[in-house]
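Engineer: Attaching a single structure in structure tokens format; questions to follow.
The values are calculated or read from the model by the stated rules, or taken from the named source; none is laboratory data. All values reported here derive from a predicted model rather than from experimental measurement. Here Cβ is always computed from backbone atoms with ideal geometry, including for glycine, and neighbour counts include all displayed protein chains. SASA here: full protein model, heavy atoms, side chains in, ligands and nucleic acids out. Shrake-Rupley method; radii C 1.70, N 1.55, O 1.52, S 1.80 Å.
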Amino acid sequence: MRRKDREITDLQQILAVIDEARVLRMALFDGAYPYIVPLHFGYEYEEDRLVFYMHCAKEGHKLDLIKEDPHACVEVEGEMKVIGAEVPCKFGAIFSSVVARGRVQLLQTPEEKIHGLQRIMKQQSGKDFAFDETMAAPINVLKFTADEFSAKARTK
């Protein structure tokens with residue numbers, strides 16, 4: 001990371017950035033151009049692993065790309081505020097973000113899908129919801145497991 005003064009290394013601070021986010025952007029390989037899509041998500045950090053869950057339709061371009069190459073990059077960001085200035089080149093922003101690289105997979109079992117959906121709803125609403133197999137059946141649930149991640153922020 002070029003700006004070491006903005007790097008977040010404390011795990012609790014990194015998780016706090018993720019906790020306040022509601023949208024994750026996932027970038028996939030699509031030939032000569034990257035393909036990026038915003039998604040609602042949920043996550044968990046267990047056994048030193050950062051895992052994100054997203055839901056999607058049963059078919060589509062995103063799923064086709066994942067089947068071709070499961071490598072992906074995800075980004076989440078905290079609240080952003082522009083810092084104005086009299087001189088345009090002195091503008092800046094207060095921000096925080098987390099970027100992770102890893103692999104995404106399509107969950108197969110009802111139990112896995114239900115777990116992912118519970119994490120998504122907890123992230124989005126702050127509440128715990130019960131799901132059953134009939135609720136999970138008509139959608140796909142994606143699981144992204146980070147191989148590596150980093151975070152940075154500007155606070156003033």
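Engineer: Tell me which label goes with the value of log10 I(q)/I(0) by the Debye sum over Cα atoms at q = 0.09, 0.18 Å⁻¹ computed from the coordinates here: [x] -0.33, -1.11; [y] -0.46, -1.16; [z] -0.29, -1.20.
Structural biologist: The calculated read-out lines up with [x].
Engineer: How high is the relative contact order of the chain, in percent, counting Cα pairs under 8 Å that sit 6 or more residues apart? Before the final figure, lay out each step's value.
Structural biologist: Details: 306 pairs, mean separation 46.9, N = 156.
Once normalised by length, the contact order is 30 percent.
Engineer: If you don't mind, there's one more thing I want to ask. Which cross-chain or sequence-distant (5 or more) residues have an amide H under 5 Å from the amide H of residue 41, H modelled 1.01 Å from N in plane?
Structural biologist: 24
Engineer: While we're here: Can you give the extra length, in nm with one decimal, that the chain gains between residue 150 and residue 127 once fully stretched, where that is 0.36 nm per residue apart less the Cα-Cα distance?
Structural biologist: Working: separation 23, 0.36 × 23 = 8.28 nm, distance 2.76 nm.
Length difference between fully extended and current span is 5.5 nm.
Engineer: In debye to the nearest 20, how big a dipole does segment 1-124 give about its Cα centre with +1 on each Lys and Arg Cβ and -1 on each Asp and Glu Cβ?
Structural biologist: Values: 17 positive and 20 negative charges, 57 e Å.
Around 280 debye, computed over segment 1-124.
Engineer: Sticking with this structure for a sec: Can you give the charge dipole size of segment 1-46 about its Cα centre, rounded to the nearest 20 debye, using +1 on the beta carbon of Lys and Arg and -1 on the beta carbon of Asp and Glu?
Structural biologist: Numbers: 6 positive and 8 negative charges, 66 e Å.
About 320 debye.
Engineer: Under a Cβ-only charge scheme (Lys and Arg +1, Asp and Glu -1), can you give me the dipole magnitude of segment 86-133 about the Cα centre, in debye to the nearest 20? Before the final figure, lay out the partial values.
Structural biologist: Working: 7 positive and 6 negative charges, 58 e Å.
The dipole of segment 86-133 has a size of about 280 debye.
Engineer: For the chain, modelled as a GNM with alpha-carbon contacts under 10 angstrom, which of 19, 48, 64 fluctuates the most?
Structural biologist: Of the options given, 48 has the highest mean-square fluctuation.
Engineer: Please compute the net charge surrounding residue 110, taking Lys and Arg as +1 and Asp and Glu as -1 over other residues with Cβ under 11 Å from its Cβ.
Structural biologist: Numbers: positive: 113; negative: 111, 112, 132, 133.
Taking every other residue near residue 110 into account, the sum is -3.
Engineer: Sticking with this one: Helix 11-20 against the longest principal axis of the chain: what's the angle in degrees, Cα atoms only, rounded to the nearest 10?
Structural biologist: It works out to around 70 degrees.
Engineer: If you stretched the chain out fully between residue 61 and residue 94, how much longer would it get, using 0.36 nm times the residue separation minus the C-alpha to C-alpha distance?
Structural biologist: Working: separation 33, 0.36 × 33 = 11.88 nm, distance 3.41 nm.
In short, 8.5 nm is gained.
Engineer: Excluding residue 24 itself, what net charge comes from residues whose Cβ is under 14 Å from its Cβ, given Lys and Arg +1 and Asp and Glu -1? Please report the intermediate quantities before stating the final value.
Structural biologist: On the way: positive: 22, 25, 62, 101, 119, 143; negative: 19, 20, 44, 75, 77.
In short, +1.
Engineer: List, in order, the whole-Hz ³J(HN,Hα) value for each residue of segment 39-49 obtained from phi through the Karplus relation with A = 6.51, B = -1.76, C = 1.60 and θ = phi - 60°; use x for Gly and Pro.
Structural biologist: Using θ = phi - 60°, the values come out as 9, 5, 8, x, 8, 8, 10, 9, 6, 6, 10 Hz.
Engineer: At 222 nm, what value in deg cm²/dmol follows for the chain if DSSP H runs of at least 4 each add -39500 (n - 2.57) and the sum is divided by all its residues, to the nearest 500?
Structural biologist: On the way: 4 runs with 38 residues, N = 156.
When only DSSP H runs of four or more count, the value is -7000 deg cm²/dmol.
Engineer: Rolling a 1.4 Å sphere over the protein heavy atoms, what is the accessible area per residue of the chain, to the nearest Å²? Let's see the in-between values first.
Structural biologist: Values: 9660 Å² over 156 residues.
Accessible surface, normalised per residue, equals 62 Å².
Engineer: Can you work out the Karplus-derived ³J(HN,Hα) for every residue in segment 122-138? Use 6.51 cos²θ - 1.76 cosθ + 1.60 with θ = phi - 60°, whole Hz, and x for glycine or proline.
Structural biologist: 5, 5, 6, 10, x, 10, 8, 10, 9, 10, 10, 4, 5, 6, 7, 4, x
Engineer: Can you give me the % of accessible surface on the chain that is carbon or sulfur? Probe 1.4 Å, all protein chains present, nothing else counted.
Structural biologist: Details: 5000 of 9660 Å².
C and S fraction of accessible area: 52 percent.
Engineer: Hey, another quick one. So which GluC sites (Glu not before Pro) in segment 74-156 are both in a DSSP loop and have at most 16 other Cβ atoms within 10 Å of their Cβ? Don't skip to the answer; put the middle values down first.
Structural biologist: On the way: sites: 75, 77, 79, 86, 111, 112, 133, 148; in loops: 79, 86.
Sparse-neighbourhood loop GluC sites (Glu not before Pro): 79, 86.
Engineer: Continuing with the same structure: Please identify, among 54, 26, 121, the residue showing maximal mean-square fluctuation in a Gaussian network model of the chain using a 10 angstrom Cα cutoff.
Structural biologist: Between 54, 26, 121, it is 121 that shows the largest mean-square fluctuation.
Engineer: Tell me the GluC sites (Glu not before Pro) within segment 2-55 that lie in a loop according to DSSP and have at most 10 other beta-carbon atoms within 10 Å.
Structural biologist: Values: sites: 7, 20, 44, 46, 47; in loops: 47.
When the GluC sites (Glu not before Pro) of segment 2-55 are filtered for loop state and at most 10 Cβ neighbours within 10 Å, 47 remain.
Engineer: What whole number of Å gives the distance from the Cα centroid of segment 22-40 to the Cα centroid of segment 96-156?
Structural biologist: 15
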